[in-house]
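To keep things clear, I will list the structure first and then write my remarks on it.
All of the numbers you see were taken from the coordinates with simple rules; none came from a lab. This one's a predicted model, so the numbers in the text were calculated from it and none came from an experiment. Note: ideal-geometry Cβ built from the backbone for every residue, glycine included; neighbour counts use all protein chains shown.
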Amino acid sequence: NTVIDVHNISRVYNPETIPVYAVNNVHLHLERGEFTALVGPSGSGKTTLLNMIGGLDKPDQGNIMINGVDITRLSARQLIEFRLQNIGFVFQSYNLIPVLTAKENVEFIMLLQGVKKKERDERVKQLFKQISMDEKLDVRPAQLSGGQQQRVAVARALASKPQFILADEPTANLDSKSAANLLDIMADLNIKENITFLFSTHDQRVISRARRVITLVDGKIASDTAAVDITQPH
Ligand code: ADP
Ligand code: ADP
């Protein structure tokens with residue numbers, strides 16, 4: 001069951017002046033239920049790649065199939081709709097809306113989807129239980145620790161019931177205890193709900209929790225622990 005199928009994508013910044021090949025001819029195939037880390041030095045293209053898979057940026061070349069839909073061919077309007085239903089995204093700096101409470105931040109997506117109040121309330125309750133934050137529903141982001149904010153961001157990413165979550169350096173601003181806690185929650189969602197995760201990270205302790213590790217160097221996949229060695233007969 002393929003969730004993400006990236007075919008031959010490239011992204012060039014500043015093509016007119018000094019071109020930067022941020023992502024260069026990347027192929028990537030993710031199956032449902034994967035728990036995969038994207039690693040590589042700073043500037044290797046991790047953010048650019050995640051943004052393109054998440055529909056936040058467009059490749060200059062190639063196709064991105066998500067649940068069988070080529071998102072590079074969607075109009076801006078269709079892409080917004082598709083993202084809302086299919087893709088959960090978690091950012092390094094949480095990006096919660098400061099004037100909304102934790103609950104409202106999570107509920108917001110469901111309002112956009114037209115989910116009825118009763119179902120919204122039930123889903124919010126379930127999500128806050130999953131992130132162990134039942135008692136912080138009505139608190140604004142500024143009153144939460146970084147780790148708590150990131151857990152709310154995970155709940156928000158899950159609010160629309162996507163099959164997968166993309167996370168760009170989700171633990172970069174967290175202390176090691178909060179980072180481990182976030183990974184516990186992600187791993188739990190992966191195992192119990194079969195949510196697919198693709199997360200970029202620099203943190204060796206986070207990398208060690210991944211089942212598959214893909215390394216980017218200079219915009220290209222330099223290694224992939226799931227790769228089959230096609231030079232060996234079998
Ligand atoms: P990473 O997430 O691995 O640090 P990025 O995807 O942020 O890598 O960056 C990849 C390369 O593209 C780097 O050389 C970076 O400087 C460059 N880059 C990223 N975003 C832009 C941009 N908006 N304009 C120009 N260059 C960019
Ligand atoms: P990361 O934490 O993934 O390494 P960066 O700090 O490289 O992210 O980039 C932060 C933001 O700056 C991103 O939105 C990226 O697109 C932009 N950016 C990165 N490199 C450049 C660049 N050389 N020129 C313009 N914008 C850039």
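Determine, at each q value in 0.07, 0.15, 0.17 (inverse angstroms), the log₁₀ of I(q)/I(0) that the Debye formula gives when each Cα of the chain is one equal point scatterer. Log-scaled intensity ratios, in q order: -0.23, -1.04, -1.29.
Projected over every direction and averaged, the convex hull enclosing the alpha-carbon atoms of the stretch 1-102 yields 8.4 nm².
A simple count of charges around residue 29, restricted to other residues whose Cβ falls under 10 Å of its Cβ and scoring Lys, Arg +1 and Asp, Glu -1, yields -4. Just need log10 I(q)/I(0) for the stretch 122-201 at q = 0.10, 0.21, 0.23 Å⁻¹, Debye formula, equal scatterers on the alpha-carbon atoms, no solvent, rounded to two decimals. Those come out to -0.21, -0.99, -1.19, one per q. Estimated at 0.36 nm per residue, the fully extended path between residue 61 and residue 29 surpasses their Cα-Cα distance by 9.8 nm.
Among 196, 225, 171, the order by Cβ neighbours within 10 angstrom, fewest to most, reads 225, 196, 171. For the chain, the relative contact order is 29 percent, taking Cα pairs closer than 8 Å that sit 6 or more residues apart in sequence and dividing their mean separation by the residue count. Highest mean packing first, where packing is the average number of other Cβ atoms within 10 Å per residue, the peptides 209-220, 92-103, 14-25, 154-165 line up as 154-165, 209-220, 92-103, 14-25. With the charge dipole of the stretch 139-200 set up from +1 on Lys and Arg Cβ and -1 on Asp and Glu Cβ about the Cα centre, the Cα lying farthest toward the positive end among the listed residues 154, 174, 142 is that of 142. Once the C-beta distance of residue 117 and residue 176 is scaled by a Förster radius of 45 Å, the resulting FRET efficiency is 0.70 to the nearest 0.05.
Note on residue 80 and residue 16: with the Förster distance fixed at 22 Å, the Cβ-Cβ geometry gives a FRET efficiency of about 0.20.
Counting every other Cβ atom within 10 Å of each residue's Cβ, 189, 144, 49 order from fewest to most as 144, 189, 49. Among 31-41, 56-66, the peptide with the highest mean count of other Cβ atoms within 10 Å heads the list, and the full ranking is 31-41, 56-66.
What FRET efficiency do you get for residue 188 and residue 1 if R0 is 25 Å and r is their Cβ-Cβ distance, rounded to the nearest 0.05? Efficiency for this residue pair is about 0.75.
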